[in-house]
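A quick write-up on the structure given underneath.
What follows draws every value from the coordinates through simple rules; no lab data is involved. Since the model is a prediction, treat every value here as computed from it, not as a measurement. Glycine also receives a Cβ, built like all others from the backbone with ideal geometry; neighbour counts cover every protein chain displayed.
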Amino acid sequence: MSKNLDIGSTIPDFELPDENGDTHKLSELQGDNFLVLHLSRGEHCPRERMHHREFLRFHELCSVAFTELVSILPNGLHDVLKLKISTGAHWVFLADEELEVQRHFDINEYTDSHHDNAGVPHTLILSPGLRTEKVYVGYWFWGRPSPEQLWLDLQELTKQLKEDYDPTLPEVRAKYEQAQKAGAAA
């Protein structure tokens with residue numbers, strides 16, 4: 001059973017290299033945005049390639065929706081680059097070659113006797129501050145979220161966390177106008 005993936009918990013600010021060897025902290029990649037974090041099974045898996053191809057459409061949406069997408073693979077830099085290139089992806093791929101992430105979440109795919117470091121794929125939706133809002137377990141391919149499911153999850157999360165989700169509400173407009181007056185007076 002995976003661990004440290006409770007809704008409402010904050011995940012560690014892992015610092016891992018991308019396919020070029022440049023290190024990134026998850027918090028820096030997330031900024032003030034939502035983060036969809038895919039913990040991959042590994043480069044060897046055809047289901048991972050297919051799922052990442054589905055993420056191509058989703059990533060286009062992220063670029064206009066204050067949402068970041070990051071994939072972490074239990075592979076070295078070369079294999080991370082192979083998966084990124086083979087799927088045509090343009091978002092950040094990180095290498096968890098030392099299996100720090102896999103160990104922290106206890107997601108080693110112990111049923112795979114052919115690949116040493118395969119992980120049970122998980123997709124996390126994180127609100128700002130690396131706070132866990134939703135977890136998908138993709139051991140079976142249909143357990144992985146579609147772009148449509150992620151859209152609905154992020155829509156609901158945005159409604160909950162953004163005060164101005166509906167700018168037509170009188171209280172939202174009043175707060176905006178008050179802020180504008182305060183700014184003009186300064």
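Observations on the structure shown:
- Highest-fluctuation residue, ILE11, ILE72, ILE125 considered, GNM on the chain with Cα pairs under 10 Å: ILE11
- With contributions of -39500 (n - 2.57) from each DSSP H run of at least four residues, the per-residue ellipticity at 222 nm computed over the chain stands at -11500 deg cm²/dmol.
- Calculated on the Cα set of the range 1-121, radius of gyration then Dmax: 13.7, 41 Å.
- FRET E, pair GLU156, HIS24, Förster distance 22 Å, beta-carbon r, rounded to 0.05: 0.20
- For the range 30-186: relative contact order, % (alpha-carbon pairs under 8 angstrom, 6 or more apart): 24 percent
- ³J(HN,Hα), Karplus 6.51/-1.76/1.60, whole Hz, each residue of the range 155-167, x for Gly, Pro: 4, 5, 5, 5, 4, 6, 9, 9, 4, 9, 3, 10, x
- Percent antiparallel among DSSP beta bridges (both partners in the range 1-117, rounded to 5): 30 percent
- Interchain or long-range residues, amide H under 5 Å from LEU94's placed H: SER71, ILE72, LEU73
- Among the listed pairs LYS25/LYS175; LYS25/LYS82; LYS84/LYS134; LYS134/LYS175; LYS84/LYS162; LYS134/LYS181, those with a Cα-Cα distance over 27 Å are LYS25/LYS175; LYS134/LYS175; LYS84/LYS162; LYS134/LYS181.
- Candidates GLU171, GLU109, GLU156: whichever shows maximal mean-square fluctuation once the chain is modelled as a Gaussian network with Cα springs under 10 Å: GLU171
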